[in-house]
């Protein structure tokens, strides 16, 4: 039984998508409701995973491993550990919320819209649960298609440009990843005489330092673009600004986490030596992202692109935490993935709500909303506080543990990253002031209506999560701790080779220098 | 009894939650009762806890209550836990007591404001945060309160958010405090990785082993924490937010920006006194910054015309005294002054609120005068507060300020320079406070007819807290009368168990003669009386002389009136470059450079495909020609080879 739950969770949305396609075109209400029904069902199913999950065990759980194309070593191999469980829960939770939030936003082709969202959910869940590299690649690419349509068909004015940019950026990365994947596959055959895409077998296989470097770079590029890290982030603001609300929520909430997840699941454990080699580079990019994202967010004129740039900043925190390779930093990084999904998801939903009413996202169009729509303003304030990491909200837990971990890893990075916390307060509060405070100057805002019941139902679970993680994050840390320890052990295996190599290079260069000096003396 | 510690902050939190969720359905009366009752009950409970604590042996007065495990990650095991010891017992008494009185006052002050429910919701959240701050048993629970009070301060300063200046001031307060919090966080990181714990009692035990006295680690840690304190407690260089914070309703200024929140930095230093004494360099920095802040803020206070701004700069100045006390290792004196200051400064702010209320929201002292007759209770209580802050013997402020001044001279960390500047500041304080008193309550009324018709003493809800605070401002110092004046220094003895001993450096503390102490005390008193006379001379007897005084000192006056242009300086050197730099990053780096490269690559690929696409004309003759040329070339190549 246990081994099937995972597959049920992953493919329920797909079933939902097919079901919706069978419905008549003009039955908008039943389309919406069945989409929501299937997403809730998936969420409930994923909760079963949580309740049956063994928090003490290390290793993968709910494993199902069925040979598929055995000649090529491809199998249907799924399983989760604490980290993927949290991300699966995040995905099912956010998708059901995103679907409910979008009921009144879609204006045409309802069927395609909701089917795309559900198809997207299966793609994302697949990425998090699969333990077969081939299947991973398939899911990774499958996700692109519904997302492309979500942006390109239901998006804003520059939707086609944004959709193509999104796909091209991602494709460039994933092509290299495909090559790297095949290299791994053949390398494994050379060493062990067996063709396999099995992640658990491939993890820990002996690879030379050079090989690790090349493969890490190829995988890493795909993940860095997805995260996105500076300077590969420019697809993100465009995609966000043009995407419909539900698309933005999923994009920020889950899709970006796949890049970070990719590092955790593939780059770090499979290429431990290369991890140490690339650590400084990735950390620097992360720190640049934190500050750069925050500064650029500050001067945005469109609320949605402000939130998009804040994502760049927050994802920098996540990547920095991961690179610390200590428990505080890495667990902080994972909890921050959840936090960012919740807070930024909520921010996009909130922006979407006001957009539905006024059809603009320009900050300058607003002002004085706090007096007109107090409930909306309060929700916005709570989510904002979570986003800038005020203690008592989830954001603080993540940022604090990441920075604490970063301090023991590298003080300069920690100091620079911590300054991002100041800038976060600047851009968010400045935006809030211009949108919500002051007097209403724009006539159009005088007729704004406050949140409806449905909108409150959408936001309340997010707010509950914000405070739950803020005050009682213990269960989350307990879930992930064994898995994080496993990854750290796997990476630490590479430290010996990395340091031996560093030493060897140092000795070599010293010898070269000596030789050069010696030659000089001879002459 | 001690299992109820958590109820103290919980009560205002519950009131906040209930009022926050259901204020639309609850009547104004109910919201107010709940909001005022909660801190009232917290106060009663605090009294009970205080007396219960007194029944224990002095060395046993440390009670911890662990509620739940909060952030458990690897070696970091943070509990959500509270600590009750003499220091936090004093603090919860002051916070809940003064807080309760100010809540009562607010019923009257905010009676006609349409946002009164929202006001009380924020105030309760503040009480919760502040009580958590002083009760937290580790640095990070303290930090919940620390940023929580900052948040409430932001919300309450910007309470009248339709006013741009109010919204600006709130934002400024939050961001400046965030800059300080940056230091706080980094400081706590250093402590955690050096000592392995952030819990106060554990840290106090481990500190002597974990840190080398005067070593770089503890010096950096304490300096960074102190930087955090300069944000919260409005010290140089981060004091700039506090004067602007006066945009908030006056009870807020009294509660948050005088009595409680702004003292959080001082509290934190005292809480960590065992760390700070390990870092002599930091102590010196703290003393210098405190001393300089006390003096500079007092000079600015001389020239302000807005009644609340005078009090705001006075608060900055008095906080400087407290910091200076910490810097010279007179931690108990710092807390003593913190307490008496909470009484008299809350009183002064509430009194000024009563004046503003009566004057139909006028805050400019140049348009007041002669209010003594119209606001008798306000006047009498305000006078008590003024005498207390000026340091007139027997009033509370005298004892606490005198102890700080004496320690700044006599402590092994002290210096005669600290004492001199401290005494001059005391004289300036007396001057600007009596200037305020005379301009407001004496002389002829300088207001228009309309205002005059509306002049009235404030309602009972407002005057009762004034009277209570006036009593405290008079007698509050009597628990700390020093030995030389025949007292028992009870307050210092009570706090003794919390304080670490200074590590001995260079022999025992110099022993001073009691005669010297009397002499310095007498000198201070005389100087204070002289400046009160000067204030009387210029602002009571002949106001015209005050103008000529101002003109003869025009350069100095201009400088202090414009607050030494510090805000403008920060604007030009920090704020504007950051904003311009950000615009550059966005427009140039992001859009032009990175996107330019990405789009450029896309265009190159596109153009190339366009070129290749043209070859696929679909005409057979074209393909044949190309084929023929190819064949000829290949054959030619083979032949020539």
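Take the alpha carbon atoms of region B:341-408, find their center, do the same for region A:148-213, and report the distance between the two centers in whole angstrom.
Computed from Cα coordinates, the inter-centre distance equals 71 Å.
Cα centroid distance between region B:29-43 and region A:349-368, in Å?
Using only Cα atoms, the two centres lie 38 Å from each other.
Quick check: the angle from helix A:394-409's long axis to the longest principal axis of chain A, C-alpha only, nearest 10 degrees?
Value to nearest ten degrees: 20.
Taking the Cα atoms of region B:1-97, report the difference between the largest and smallest coordinate on each principal axis, in whole Å and largest first.
The Cα atoms of region B:1-97 stretch 48, 38, 19 Å along their principal axes.
Just the projected area, averaged over all directions, of the convex hull on the alpha carbon atoms of region A:352-430: how many nm²?
With the hull built on Cα positions only, its mean projection is 6.2 nm².
Largest first and in whole Å, give the semi-axes of region A:317-361's equivalent ellipsoid, each being the square root of 5 times a Cα gyration tensor eigenvalue.
33, 8, 4
As I understand it, the value is the acute angle between the Cα axis of helix B:331-358 and the longest principal axis of the Cα atoms of chain B; what does it come to in degrees, rounded to 10?
90 degrees
Would you calculate the volume per residue, in Å³, of the smallest convex hull containing every Cα atom of region B:143-252? The partial results should precede the final answer.
Details: hull volume 10.5 nm³, N = 110.
Each residue corresponds to 96 Å³ of Cα convex hull volume.
Quick check: convex hull over the Cα atoms of region B:565-641, volume per residue in Å³, rounded to an integer? Each step should come with its number before you reach the end.
Values: hull volume 8.3 nm³, N = 77.
Cα-based convex hull of region B:565-641, divided per residue, equals 107 Å³.
Return an integer: the convex hull volume of the alpha-carbon atoms of region B:343-502, in Å³ per residue.
126 Å³
Compute the relative contact order of region B:6-139 as a whole-number percentage, counting only Cα pairs closer than 8 Å that sit 6 or more residues apart in sequence.
37 percent
Which ordering of A:478, B:444, A:455, B:362 is given by a fewest-first count of other beta-carbon atoms within 10 Å? Could the numbers behind the result be given before it?
Values: A:478 14, B:444 8, A:455 22, B:362 17.
Going from least to most buried by this count: B:444, A:478, B:362, A:455.
Cα centroids of region A:1-76 and region B:71-106: how far apart, whole angstrom?
47 Å
Calculate, in whole percent, how much of the Cα-Cα pair population of region B:537-583 lies beyond 15 Å.
62 percent
From other protein chains only, count the Cβ atoms within 10 Å of every residue's Cβ in B:392-403, then give the mean.
0
Mind checking Rg over Rh on region A:429-474, alpha carbons, Kirkwood formula for Rh?
1.15
By counting other Cβ atoms within 10 Å of each Cβ, how are B:168, B:113, B:513 ranked from fewest to most?
The fewest-first ordering by Cβ neighbours comes to B:513, B:113, B:168.
Counting pairs of alpha carbon atoms under 8 Å apart in space and at least six apart in sequence, what relative contact order in percent does region A:140-280 give?
The normalised contact order for region A:140-280 reaches 33 percent.
Take every residue in peptide B:600-608, count the Cβ atoms of other chains within 10 Å of its Cβ, and give the average of those counts.
Values: counts 0, 2, 4, 0, 0, 1, 0, 0, 0.
So the per-residue partner count for this stretch is 1.
Tell me the mean residue ellipticity at 222 nm calculated for the protein assembly as shown from its helices only (DSSP H runs of n ≥ 4, each -39500 (n - 2.57), averaged over every residue, nearest 500).
Helices in the protein assembly as shown give a 222 nm mean residue ellipticity of -24000 deg cm²/dmol.
Just the ratio, please: alpha-carbon radius of gyration of region A:200-244 over 2.2 N^0.38 Å, N its number of residues.
Details: Rg = 15.4 Å, N = 45, 2.2 N^0.38 = 9.3 Å.
Here the answer is 1.64, to two decimals.
For region A:28-170, what are the per-bin percents of Cα-Cα distances with bins 10 Å wide, up to the bin holding the maximum?
11, 34, 34, 18, 4, 0
How long are the semi-axes of the equivalent ellipsoid of chain B, taking √(5λ) for every eigenvalue λ of the Cα gyration tensor, in whole Å from largest down?
Ellipsoid semi-axes (Å, largest first): 55, 32, 27.
So how compact is region A:275-518: Cα radius of gyration and Dmax in angstrom?
When restricted to Cα atoms, region A:275-518 yields Rg and Dmax of 22.1, 85 Å.
Quick one: plug the Kirkwood hydrodynamic radius of region B:47-135 (C-alpha pairs) into Stokes-Einstein at 25 °C, 0.890 mPa s, and report D in µm²/s.
Roughly 160 µm²/s, to the nearest whole number.
May I ask you to sort A:443, A:411 by Cβ crowding, counting other Cβ atoms within 10 Å and putting the fewest first? Intermediate results must be reported in sequence, preceding the final value.
Values: A:443 7, A:411 15.
Going from least to most buried by this count: A:443, A:411.
For region A:275-518, what relative contact order do you get, as a whole percent, if you take Cα pairs closer than 8 Å and at least 6 residues apart?
Relative contact order comes out at 26 percent.
Return the Rg/Rh ratio of region A:241-361 with Cα-based radii and a Kirkwood Rh.
Over the Cα atoms of region A:241-361, Rg/Rh equals 1.03.
Taking every residue in B:73-80, how many Cβ atoms of other protein chains lie within 10 Å of its Cβ, on average?
Going residue by residue through B:73-80 and averaging, the value is 6.
Relative to the first principal axis of the alpha-carbon coordinates of chain B, what is the inclination of helix B:164-195, with its axis defined by its Cα atoms, in degrees from 0 to 90 and to the nearest 10?
Value to nearest ten degrees: 80.
Calculate the all-directions average of the projected area of region A:194-296's alpha-carbon convex hull, and give it in nm².
About 7.7 nm², averaged over all directions.
What share of all Cα pairs of the protein assembly as shown, in percent, falls into each consecutive 20 Å distance bin?
That works out to 11, 37, 32, 15, 4, 1, 0, in percent per bin.
Kirkwood-based Rg over Rh for chain A (C-alpha set), two decimals?
We get a ratio of 1.00 for chain A.
All of the numbers you see were taken from the coordinates with simple rules; none came from a lab. As the structure is a computational prediction, the values presented were derived from the model and not from experiment. Heads up, the Cβs are rebuilt from the backbone with ideal geometry, glycines too, and the neighbour counts pull from every protein chain shown.
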